[in-house]
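What follows is a short report on a single structure.
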Amino acid sequence: MTFYVNKHDVKRPVCCPQRNGLCVIVQWSHMKINKDISEGSLAALVGANIRRRRLAVGLIQQDLAQALGIEVETVSRYERGHIAPPIEQLGRIASVLTTPVWTLFLSAKEDRVSNSLILAEQIQRLSAKDILTITKIITAYADSQTRSE
């Protein structure tokens, strides 16, 4: 992975393997990754999650860009992992995509578990009577699906 750093944006330490582990300082919002991004990079993971969640809520890149006040190309670069969204932008992105910020950092394996956590958070907002009703509905549905398989 190659980092390009604007010399005026000095904020966060990142170790550079090309310099025998010598650490350089970069600001998250200006960290750019080569087109040969690694599948395991944080920018690629966050970008893939932004794209997946954007599609899940039925938005096109232009809709997301307009809601965030940024260019469509910027959204595209986020989603491809070519640049990482600024930290302060992550909250706005999550809000537009109606998801908690932490879900943007989940791997595909963790995402299934996150849906359970999101559901649990929503259930906690209900009354005790409603929680009992929802529990019965989910149990009945799960039992019917198990029998049909």
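Of note:
- About the centre of its Cα atoms, region 83-144 shows a dipole size close to 120 debye [charges on the beta carbon of Lys, Arg (+1) and Asp, Glu (-1) only; nearest 20 debye].
- Farthest towards the positive end of the charge dipole of region 96-149, among the residues Thr146, Ala120, Ile134, is the Cα of Ile134, using unit charges on the Cβ of Lys, Arg, Asp and Glu.
- Scattering profile of region 87-142 at q = 0.18 Å⁻¹ [log10 I(q)/I(0), Debye over alpha-carbon scatterers]: -0.74
- Take 130-143, 83-96 and order them by the average number of nearby Cβ atoms within 10 Å per residue, most first; the result is 83-96, 130-143.
Bear in mind that the values in this text are calculations on the coordinates, not laboratory data. Note that the coordinates shown come from a computational prediction; the quantities given were computed from them, not determined experimentally. Don't worry about glycine lacking a Cβ; one is built from the backbone with ideal geometry, like all the others, and counts go over all protein chains shown.
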